[in-house]
């Protein structure tokens, strides 16, 4: 009875290995310049093994993106847990995301390649969870009387768009440190003026 469990564990390990190798290759070479052959060579697995887990290069990229999104989401949530109230949670979460936008892996996979590989609509759909969290924080602020309730939905979209634009500016900047500082200062000032 142990054999199926070992096979499942081996399959999960192979899948995780493929995602880790593909993450590194996509981050360093980009989606277009990363071949399935390069992933296979580094992983030391057969083409059949890779295609057992991922139907295509795009499916592998989507798995990498999902894994990276889960990790960045967890890091952002970890930062937010220490926040004192919804306004501080918005600020802390925004600053955590801006720091993550300085990571070359996040830049290449999530910000540069994902929109073209997935298409604009699917890429935007990835923002549903952070958008929902922003909406919840803004609703709590509105419930406290610090924001007009009818602005919550649109403002959540405006803040998310602002963070996305700052992230793209960071990703495209020749001076990452300066871009991150300017982006953090701008978002912090925006939130301060909006919510105080």
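Quick rundown of the values:
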{"item": "Yes/no for residue 23 being more than 19 Å from the chain's Cα centre (by Cα) and either farther than 15 Å from residue 109 by Cα or surrounded by 16 or more Cβ atoms within 10 Å (Cβ to Cβ) (or both)", "result": "no"}
{"item": "Matching option when the condition is touching a residue at least 60 places away in the same chain (Cβ under 8 Å) and crowded, with 18+ Cβ neighbours inside 10 Å, among 147, 159", "result": "159"}
{"item": "Residue list for region 125-140, filter: under 16 Å from residue 111 (Cβ atoms) and surrounded by fewer than 15 Cβ atoms within 10 Å (Cβ to Cβ)", "result": "125"}
{"item": "Failed item in (1) without any contact (Cβ under 8 Å) to a residue 12 or more places away in the chain; (2) on the phi < 0 side of the Ramachandran plot, with residue 118 passing the rest", "result": "(1)"}
{"item": "Residue selected from region 183-196 under the condition surrounded by fewer than 16 Cβ atoms within 10 Å (Cβ to Cβ) and assigned to a helix (DSSP H, G or I), by the criterion farthest from the chain's Cα centre (by Cα)", "result": "193"}
{"item": "Residue satisfying all of: in region 29-51; in a helix (DSSP H, G or I) and without any contact (Cβ under 8 Å) to a residue 12 or more places away in the chain; surrounded by the fewest Cβ atoms within 10 Å (Cβ to Cβ) among these", "result": "48"}
{"item": "Residue in region 100-120 that is outside any helix (DSSP H, G or I), over 30 Å from residue 28 (Cβ atoms) and out of contact with any helix residue (DSSP H, G or I) (no Cβ under 6 Å at 6 or more places or on another chain) present", "result": "no"}
{"item": "Count of region 143-168 residues which are outside any helix (DSSP H, G or I) and either in contact with a strand residue (DSSP E or B) (Cβ under 9 Å, 6 or more places away or on another chain) or on the phi < 0 side of the Ramachandran plot (or both)", "result": "4"}
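Just so you know, all these numbers are worked out from the coordinates, no wet-lab data involved. As the structure is a prediction and not an experimental result, all values here were calculated from the model. Cβ sites come from the backbone with ideal geometry, for glycine too, and all protein chains shown count toward neighbours.
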